[in-house]
Amino acid sequence: MDFAVLVKVVPAVEQFRFDPDRKTLIRTGVQSFLNPNDSRAVRVAVQLRRPGEQVAVLSMGIPDTEVQLREAFAFGVDRIVLLTDPLLAGSDTLVTARVLERALHEMGHDLVLAGDRSIDSETGQVGPEVAALLNVPALTSARRLDRTTGANEFEAVTETGTGWNRYRFAPPALVTVNERILRKAPKPTPAESARALAMTVERRGIRDLGLAAEAVGLEGSPTYVHAVENEEPARYPQVFEGGSVQLRVGQAVAAIKALLGAPAARPVSFPPLSSSLAAEREVLVLVSGPTGETDPTSFGVLSELRRWGSHIWPSALWVGRLPSDLERANVARHGAARGYAIPSDGFPIGSRTVAQAMDQLLEQRPLLAGMVVMASPFGREVGGQFAARRGLGLTGDAVAFSADATGALTWRKPAFGGGLVASIRSRTRPNLATVRPGGFHPSQDPAAPPLPLQVLPQVSSDHGPDLVDSGQERDMHWGDLETARVVLIIGMGLGGPEHLTALEPTLSAWNAALGGTRRVIDAGWLPGGQQVGLTGTSVAADLAVLVGVSGAGNHLIGLRRTRVLVAVNPDPAAAVFRRVDVGIVGPWGEVLPVLTDRLAGVAQARTVASA
């Protein structure tokens, strides 16, 4: 069997500068390299290859990326194909997937590998879109991929957001890998580097692939970037570094109380629904996951959609089984005006089955303004495959949106490592997006009427990879980041996992949930479900206290909807102090016990008020 690996050459996002007048990125002098997780996928493919099998690398980009692609020859790949053509400029993820799929058919493939996301766009949707176009199963965010002895059978461990699944499968299939699949890879030897320079990168244009000019690039793309902005929340840091710890904490708590006492930026009550519930203003939210049960992370999205009043209105979709009366009541209280249920003939429910169910619903509701899927690993699989099935534009990992008077949606998502926010629009209808869990405040209407439920015909389960077993890694001992009103976030500055027990009095006093940066999760200090940031959970709490956090943009993007951010750091020049509301300079071991006592009543009051 042969392997094909999809790779992308990406810019060093930390080198980008933003021109606030032109609202454009300054790319001059920015270096490029192989996307890290794509590079991991290449190395995994080479490790899995057996004698006589080939590993081919496929990429789409400008001719200059050939320099970076050659690095894959040093890893041991046999062939590199670069799809390059001026007409490809501006292609969105769906067009990219179509071009890659066409090339894969020509090259041949058994197992396709790719990184689960690129560091510049962070969509995580090209892999599932390619899988749908190839009509093969997709397994995403794999942290382990093994090949059985004697047979062409594989075992993959994929991350679910709250735990993991172990699958056994035989190709053809597509697998995306995350950063945990390969910690450190050996550097190429001088002989391997010399081999890379001697090898030839093959080039293909759209004519070679039989593609028309109007089918690619900006013209052929269903989504387009409307604007790129530096859209960080307006925070005006107050940093306290003089005097005793008691004095600094006292001043900080006074500032925190004042900020928490200010009116919330958005009202929590729902405007009245339009009596007509016009079909062309309906935005459907997939509220169920792979078990068919209601996903509570969808409640915030339903509420946010409902707050747009007459512009749009939300409905809910369950796939797999009929919702209970309690589930229907919960969804109605959080803003949904209508419900749909599509039973399945088997469990667990695969992403291709859910995409098929959404396809069926769209035949019944062809005027939908939008469709939303939660941006969990499962949701990204569903969204990518559904977009490819229907030829729809897809915005990935949206953190905000707006709707105009006609019901047209504009999605906002982090870009370039979380330093900027891109506004995305779609030329296709319905406007499709995956939305980050935890990014919106859920609201409730206790007087919501019963939810009308339409039951559609059953869908057949897709018989894809065999699920061998699964496990949970979200230790609720550390609390639920998506519902907590107060959170404590730790970075590597905490010093080590042995200090976690010292945080428990604070968590108890504040009734807070504990989260961590990606480096903390990768180091194994906390389970994966507690990660906050660009590649983790988004937190929409009232108060977040950051301990030992450096202040990287890809972490703080996960806290952009938190009302008040507080940082504790011993370095008065720490970058984090420039991006929070209140800063306290000092070692966390001295500051946190005092802050715990002084803030206990305030934090508990926020929790009670939000309950």
Check your understanding: Once you put a point 7 Å from the Cα of R235 and another 7 Å from the Cα of M1, both along the Cβ direction, what distance in nm separates them?
Key -> 4.7 nm
**Study point:** ³J(HN,Hα), Karplus 6.51/-1.76/1.60, whole Hz, each residue of segment 587-600, x for Gly, Pro
**Key:** x, 4, x, 8, 7, 5, x, 5, 5, 4, 5, 5, 9, 4
Exercise for review: Tell me the label-point distance for the pair N135, L467, using the 7 Å Cα-to-Cβ offset, in nm and rounded to one decimal.
Suggested key: 2.6 nm
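Based on the Cβ-Cβ distance of Q458 and S275, what FRET efficiency does E = 1/(1 + (r/R0)^6) give at R0 = 35 Å, to the nearest 0.05? If you can, show how the numbers build up before the last one.
Values: r = 33 Å, r/R0 = 0.93.
Efficiency computed from Cβ-Cβ geometry: 0.60.
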Check your understanding: Rounded to the nearest 5, what is the percent of antiparallel bridges among the DSSP beta bridges in segment 3-221?
Key -> 40 percent
Review point. So what is the relative contact order for segment 279-466, in percent, with contacts set as C-alpha pairs under 8 Å and at least six apart?
Key: 30 percent
Practice item. Pull up the DSSP beta bridges for segment 271-406 and report the antiparallel fraction as a percent, rounded to 5. Key: 5 percent
Revision key, fill the gap. Sorted by chain and then number, the residues having a modelled amide H within less than 5 Å of the amide H of A375, at least 5 places away or on another chain, are V435, R436
Practice item. For I489, enumerate residues with amide H under 5 Å from its amide H, sequence gap 5+ or separate chain, H modeled in the peptide plane. Key: G515, V545, L546, V547
Point to revise | Percent RCO, i.e. relative contact order, over segment 3-221, from Cα pairs under 8 Å lying at least 6 residues apart | key: 26 percent
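Work through the residues other than R598 whose Cβ is under 11 Å from its Cβ and net out their charges, Lys, Arg +1 and Asp, Glu -1.
On the way: positive: R248, K257; negative: D597.
Its environment carries a net charge of +1.
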Review point. Residues with amide H under 5 Å of G163's amide H, sequence separation 5 or more or different chain, H placed in the peptide plane at 1.01 Å from N; which?
Key: E473
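So in the chain, what percent of DSSP beta bridges are antiparallel if you round to the nearest 5? Write down the numbers at each step before the final one.
Details: 39 of 113 bridges.
Beta bridges within the chain, antiparallel portion: roughly 35 percent.
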Exercise for review: Run the numbers on the chain and let me know its relative contact order in percent, using alpha-carbon pairs under 8 Å that are six or more apart.
Suggested key: 14 percent
Review point. Between L500 and N152, what is the spin-label point distance in nm, taking each point 7 Å from the Cα along the Cα→C-beta axis?
Key: 4.2 nm
Study note, to complete from the structure: Applied in sequence order to segment 325-335, the curve 6.51 cos²θ - 1.76 cosθ + 1.60 (Karplus, θ = phi - 60°) yields integer Hz couplings, x standing for Gly and Pro, of 4, 5, 4, 4, 5, 4, 5, 5, 4, 8, x
Check your understanding: Using the Karplus equation 6.51 cos²θ - 1.76 cosθ + 1.60 (θ = phi - 60°), what ³J(HN,Hα) coupling, rounded to whole Hz, does each residue of segment 362-368 give in order, writing x for Gly and Pro?
Key -> 5, 5, 7, 10, x, 9, 3
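For D480 and E53 in the same chain, what is the full-extension length gain: residue separation times 0.36 nm, less their Cα-Cα distance, in nm?
Numbers: separation 427, 0.36 × 427 = 153.72 nm, distance 4.61 nm.
Taking 0.36 nm per residue and subtracting the Cα distance, the gain is 149.1 nm.
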Review point. If you compute log10 I(q)/I(0) by the Debye sum over Cα atoms at q = 0.08, 0.12 Å⁻¹ for the structure shown, which of (1) -0.75, -1.20; (2) -0.57, -1.29; (3) -0.65, -1.23 do you land on?
Key: (2)
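Computed from the coordinates by the stated procedures, all read-outs in this text should not be read as laboratory data. Every value quoted in this text rests on a predicted model; they were computed, and no experiment measured them. For neighbour counting, all protein chains shown are included, and Cβ atoms are generated from backbone atoms with ideal geometry for every residue, glycine included.
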